[in-house]
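Following: one structure in C-alpha cells, then a few remarks.
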Amino acid sequence: MFKIFLALHLITAIGVVGPLIYGATTAVRGIRTKDASATKSSARLVQIYSIVSIAVVIFGFGLMSATSPYTHKPVASFGETWIWLSLLLWAIAVALGLAVLTPALQRITAEITVGSEVSSALRGRVAGVGGVTGLIFLVIIVLMVYQPGGH
C-alpha cells in the first residue's frame, strides 16, 4: 500500500498543484495584456485545482498511515511538525485561491470585458496572492522532502 499511496500522492501533487500554481502565478500576464479570456482561464484554473487539491491531501493521509517498507513503521503522524505545518499551509493556500484570487480574477475579467481600466489594487492583489500561493507550495515541497521534526 505504501508504494501505491506514494505514487498517487506524487501524481496528484504534480498534476493538480502544478496547474494551480501556474494559474495563480501567471494571471498577471493576462491582466497586463488585457486578455479577458486569459484572466477567466486563470480564475477557473485556480478555482478548480484548489478544490481538486483535496485529492493530494487524501492520498497524503493514506501514505502517512501506511507502513514504510524501509523502516517497518508508520510513515508519519499528525504530531510531526512537517505534517501539520504542511496541512496548515495547504489550507491557507487553498483559502487564498478560493476567497481572494478567484474573485479578484473574476472581477478583473468583467472589467476587461467591458473595457474598464483594471484597478491597481486588484492587479496588486492578484500579483501578491499569486506569488504567495506559489511560495506556500514551495515551502510545502521543502517540508515534504526534509521532514523537520519527523522520525
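The values are calculated or read from the model by the stated rules, or taken from the named source; none is laboratory data. Source: prediction; values computed, not measured. For accessibility, only protein heavy atoms count, side chains too; no ligands or nucleic acids. Shrake-Rupley method; radii C 1.70, N 1.55, O 1.52, S 1.80 Å.
Quick look at the numbers
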item	result
Proportion of all alpha-carbon pairs of the range 100-149 beyond 17 Å (%)	47 percent
Size of the chain as Cα extents on the principal axes (Å, biggest first)	62, 25, 19
Cα convex hull of the range 48-120 - mean projected area over all directions, nm²	6.6 nm²
Euclidean distance between Cα centres, the range 1-19 to the range 130-151, Å	15 Å
Solvent exposure, largest accessible area first (probe 1.4 Å, DNA, RNA and ligands not counted), of HIS9, HIS72	HIS72, HIS9
Per residue solvent-accessible surface (Å²) - the chain, probe of 1.4 Å	54 Å²
Surface accessible to a 1.4 Å probe, LYS73 within the full protein complex, Å²	110 Å²
Mean Kyte hydropathy of 0.0 or more with a Cα span along the axis of at least 27 Å, helices from DSSP in the chain	120-146
